[in-house]
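Step one of this worksheet: look at the structure below.
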Amino acid sequence: MDVRFALGGGIAVLLLLLVLTGAVWLLYRRIRRDVRGLSQTLFHTSSLRQGVRQMEEEYASTPKSLSAATELYLPGILRDFPEFHLDEMRERAKNVLTSYLRSVSQGDASLLTEGTRELRERLQMRISQLREQGAGERYERIRVHRAEIHRYRKEKGRCSIVFQISVEYVHYLLSGETLVRGNRERLEQSKYNVEVDYIQDRELAEAKGEGGMALNCPNCGAPLPGLGAQTCAYCGSPIVPFNIRVWNFASVEEVR
């Protein structure tokens, strides 16, 4: 009697396990079917993993959208600066961004094509900090997509135009030769604000003079030591003070 009871109980447990196994299997098949259906709807593929990977690849190859306000600000800029050439300044902004990233990547601030003293100093500080940490930040396969005017401001005699630029690159961080962040192969999309200022800068003018801009006496043509000279050392003629106004790039900031 006890044997039959134990045998019956064992069969009941076995049947219960079979029923539970069948229910789990059916639930698994249903979830799998639903996941495939969802993946097909979202990614047009039956594999969710493949769909996610496909989405990541599309995201990595799609340029960032820009907060573009070129049409809004350009008429005012042209009223203030009739000689302003948008295409020329846009290309300069692109070149500054590209050279800035290459400067960081190669650890050489002199690769920056143009910029204020402050921008160059900040760039050099960033490079020096990486060097002190034994780290290397790499930007490779740089490609600029678009550049549009994002903002135009006038305040206290200083005018600034901010270009917003979309760019793609391979970006990663090394500690020695060890990869600590990023991917050596995968493209990333980003955008930067690049600011160009219209300023009066005596030191900048003098630095350009030392680099080849002629500073001569208007009377005898003799070279002058700098913009601060009040009289010509050769003929004694008074020198009329003047300022040189220039567009120069003041900052490069990634938009997070």
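Coordinate-derived values only; no laboratory data. Note that the coordinates shown come from a computational prediction; the quantities given were computed from them, not determined experimentally. Cβ atoms come from the backbone with ideal geometry, glycine included; neighbour counts cover every protein chain shown.
Would you please give the residues with an amide H less than 5 Å from that of Cys232, counting only those at least 5 places away or on a separate chain, with H modeled from the backbone geometry?
Hits under the 5 Å cutoff: Ser237, Ile239.
Nearest 20 debye, what's the magnitude of the dipole of segment 64-114 about its Cα centre given +1 on Lys and Arg Cβ and -1 on Asp and Glu Cβ?
It comes to approximately 240 debye.
How big is the convex hull of the Cα atoms of segment 66-195, per residue, in Å³?
Considering the Cα atoms of segment 66-195, their hull volume per residue is 116 Å³.
In whole Hz and in residue order, list the ³J(HN,Hα) couplings for segment 165-178 that follow from phi through the Karplus curve 6.51 cos²θ - 1.76 cosθ + 1.60, θ = phi - 60°; x for Gly and Pro.
10, 8, 8, 10, 6, 9, 10, 8, 10, 10, 10, x, 10, 8
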